[in-house]
Amino acid sequence: MKQLHNSAFSTTLTLAEAHRRAARSLAEAGIETPKRDARVLLCEAAGIDHAALVRDPDASLRDEAAARLQAFVERRLAREPVSRILGRREFWGLNLRITPDVLDPRADTETLVAAAVETLREWRDETLRILDLGAGSGALLCATLSEFSHAFGIGTDHSETACGIARENLARCGLAERSAVLRGQWGEALAQRFDLILSNPPYIRSGDIAALTSEVRDHDPRAALDGGPDGLAAYRAIAVDLSRLCAPDGVALLEIGFDQAESAADCFREAGWTSIALKRDLENQPRALLLRR
């Protein structure tokens, strides 16, 4: 790992100079987006937004900002994701808190939200019931509740800590009164039915986790990644209760791995589901299954 000099950033630098120095260090370490990462970390360290950086690039880097930037860049050089350094992630335009206890919600998962909005566009003003299985940070529940303004949503997670993070994010987004988060394994403790069911379950094969990038492998909770020997354990568990939980006219959307379009679908076919469609992400990769009753 590339090491920074102990005084790589000091008050003798302007904001623009600090940005260039940070970006150069990240680029030399092979970070894919060095300029963007450096800009975000600099703005966070200095307590400014991008507009302020553009407006006054020759402003001096203050003492506390220099120390924070030094620490941030060192963490990024150690392959800690920017979102983990900041403790937050933007998802579907919402600013969500994340911690080491929850999966970092990535842009590809927004495919599920887009598919839900498209599929249920005629129901936008209805009092829908939404369920997020394995809610983690609550990203999917927050995003869909923000789109369906009359809906009520429930999130479940086996981790009490994750449940707390999801509740906090729902409150941050002004959605606490239209939601609840319950500790439990998938939907086994629920008796009601839902119009929209969402899930981003763990689907990485156990044997493949070691080969993931360090940003994922070392910073996302293993329980949120590990889908068992074949990557399908969570789908089988969800399939057991999905028919019971889904309303007669309801739909379910589940994220899948790039090579699981058929194998994940088979888990639900075996449980009696016959209407299964594939949704692709912006890179045209298989990303989600859409199930209808």
- prompt: With Ile204, Ile238 as the choices, which residue is over 24 Å from Ile130 (Cβ atoms) and aliphatic (A, V, I, L, M)?
  reply: Ile204
- prompt: Taking the stated definitions as given, is Glu17 among the acidic types (Asp, Glu), at pLDDT 95 or above and surrounded by fewer than 17 Cβ atoms within 10 Å (Cβ to Cβ)?
  reply: yes
query: Is there a residue in the range 28-48 that is under 25 Å from the mean Cα position of the chain (by Cα), part of a helix (DSSP H, G or I), at pLDDT 95 or above and farther than 14 Å from Ile85 by Cβ?
result: yes
- prompt: Restricted to the range 74-96, and to residues that are in contact (Cβ under 8 Å) with a residue 60 or more places away in the chain and surrounded by fewer than 16 Cβ atoms within 10 Å (Cβ to Cβ), which residue is farthest from Arg287 (Cα to Cα)?
  reply: Ala78
- request: Please specify each residue of the range 133-154 satisfying the condition of being farther than 14 Å from Val102 by Cα and outside any helix (DSSP H, G or I).
  value: Phe148, Ser149, His150, Ala151, Phe152, Gly153, Ile154
field: Single condition Asn169 does not satisfy, out of (1) at negative phi; (2) within 16 Å of the chain's Cα centre (by Cα); (3) free of Cβ contacts under 8 Å to residues at least 60 places away in the same chain
entry: (3)
message: Restricting to the range 54-93, count the residues that are at positive phi and of a type in the set (D, E, K, R).
response: 1
task: Examine the range 206-214 for a residue that is of a type in the set (D, E, K, R) and either outside any helix (DSSP H, G or I) or buried (at least 16 other Cβ atoms within 10 Å of the Cβ) (or both), and state whether such a residue exists.
output: no
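Here's the yes/no breakdown for (1) surrounded by 16 or more Cβ atoms within 10 Å (Cβ to Cβ); (2) within 25 Å of Val240 (Cα to Cα); (3) of a type in the set (Val, Ile, Thr); (4) touching a strand residue (DSSP E or B) at 6+ places or on another chain (Cβ under 8 Å):
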{"residue": "Phe152", "(1), (2), (3), (4)": "yes, yes, no, yes"}
{"residue": "His158", "(1), (2), (3), (4)": "no, yes, no, yes"}
{"residue": "Ala176", "(1), (2), (3), (4)": "no, no, no, no"}
{"residue": "Ser179", "(1), (2), (3), (4)": "yes, yes, no, yes"}
{"residue": "Ile197", "(1), (2), (3), (4)": "yes, yes, yes, yes"}
query: What number of residues within the range 97-134 satisfy the criterion of being touching a His at 6+ places or on another chain (Cβ under 9 Å) and either crowded, with 19+ Cβ neighbours inside 10 Å or free of Cβ contacts under 8 Å to residues at least 12 places away in the same chain (or both)?
result: 3
- request: Would you confirm whether any residue within the range 180-194 is assigned to a helix (DSSP H, G or I), at pLDDT 95 or above, farther than 19 Å from Pro248 by Cβ and out of contact with any Pro (no Cβ under 7 Å at 6 or more places or on another chain)?
  value: no
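The values are calculated or read from the model by the stated rules, or taken from the named source; none is laboratory data. Computed from a predicted model, the values in this text were never measured in an experiment. Virtual Cβ from ideal backbone geometry, glycine too; neighbours counted across all protein chains shown.
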